[in-house]
1. Quick one: in the stretch 57-84, which of the residues that are more than 17 Å from the chain's Cα centre (by Cα) and of a type in the set (A, V, I, L, M, F, W, C) is surrounded by the most Cβ atoms within 10 Å (Cβ to Cβ)?
2. Restricting attention to the stretch 108-135, which residues are touching a helix residue (DSSP H, G or I) at 6+ places or on another chain (Cβ under 6 Å) and assigned to a loop (DSSP other than H, G, I, E, B)?
3. Which pairs have Cβ atoms under 6 Å, sit 6 or more apart or on different chains, and link a residue in the stretch 93-109 that is without any contact (Cβ under 8 Å) to a residue 12 or more places away in the chain to one that is surrounded by 12 or more Cβ atoms within 10 Å (Cβ to Cβ)?
4. Looking at the stretch 91-135 only, could you name the residues that are among the aromatic types (Phe, Trp, Tyr) and exposed (fewer than 15 other Cβ atoms within 10 Å of the Cβ)?
5. Do we find that Val93 is in contact with a helix residue (DSSP H, G or I) (Cβ under 9 Å, 6 or more places away or on another chain), under 15 Å from Ser17 (Cα atoms) and modelled with pLDDT of 95 or more in this structure?
6. Yes or no: the stretch 28-48 includes at least one residue that is over 13 Å from the mean Cα position of the chain (by Cα), assigned to a strand (DSSP E or B), surrounded by fewer than 13 Cβ atoms within 10 Å (Cβ to Cβ) and polar (S, T, N, Q).
7. Kindly indicate whether Ala87 is in contact with an Asp or Glu (Cβ under 9 Å, 6 or more places away or on another chain), surrounded by fewer than 16 Cβ atoms within 10 Å (Cβ to Cβ) and among the hydrophobic types (A, V, I, L, M, F, W, C).
8. Given the criteria more than 30 Å from Ser130 (Cβ to Cβ) and touching a strand residue (DSSP E or B) at 6+ places or on another chain (Cβ under 9 Å), does Glu72 qualify?
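The values are calculated or read from the model by the stated rules, or taken from the named source; none is laboratory data. The shown structure was predicted, so the numbers you read here are calculated from the model rather than taken from an experiment. Cβ coordinates were reconstructed from backbone atoms using ideal geometry, including for glycine residues, and neighbour counts include every protein chain displayed.
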Amino acid sequence: MAQLIFLNLPVKDLDRSVAFFTALGYTFNPQFTNEQATCMIISDTIYVMLLVEPFFKGFTKAEIADTSKCNECITCLSADSREAVDAIVAKAVAAGATTPSAPQDHGFMYGHGFTDLDGHIWEYSYMDMSAMPQA
């Protein structure tokens with residue numbers, strides 16, 4: 001059985017976050033959705049739990065990272081092509097995201113990303129394994 005991953009992220013406004021990620025083409029599992037949280041489906045094995053900050057706080061004794069001052073992580077997802085990377089970033093920017101840096105082109109690997117409405121950094125990367133340098 002494949003191992004599943006559930007990334008848990010605090011959000012300030014759940015409805016606003018759902019609207020943002022819906023604009024990027026993601027869907028949500030209604031079985032794990034209420035006024036405190038939702039389960040965003042990335043793939044058959046990857047899910048992102050968007051939790052309103054007070055609910056998220058119930059799972060940790062640590063403070064929630066102030067994403068205007070620091071980053072708690074960078075979430076990187078694969079894409080099927082360079083064009084797919086650019087398309088998802090364009091959708092995110094159109095929905096209100098910002099881009100913290102320019103696209104990175106390493107020949108065999110291409111990536112770009114955005115900062116979502118809550119300050120979380122998302123990277124998308126395409127790797128052409130046939131063009132990867134040989135060790």
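1. This residue is Ile64.
2. Looking only at the stretch 108-135, we keep the residues that are touching a helix residue (DSSP H, G or I) at 6+ places or on another chain (Cβ under 6 Å), and these are 108, 110, 112, 114, 117, 124, 126.
Scanning the stretch 108-135 gives Phe108, Leu117.
3. That search, which allows pairs on different chains as well, returns Gln104/Gly111.
4. Let us first name the residues in the stretch 91-135 that are among the aromatic types (Phe, Trp, Tyr), namely 108, 110, 114, 122, 124, 126.
If the condition is that a residue be among the aromatic types (Phe, Trp, Tyr) and exposed (fewer than 15 other Cβ atoms within 10 Å of the Cβ), then Phe108 is the only one that fits.
5. When the stated conditions are applied, Val93 does not pass them.
6. yes
7. Criteria not met by Ala87.
8. Taking the combined requirement at face value, the residue satisfies it.
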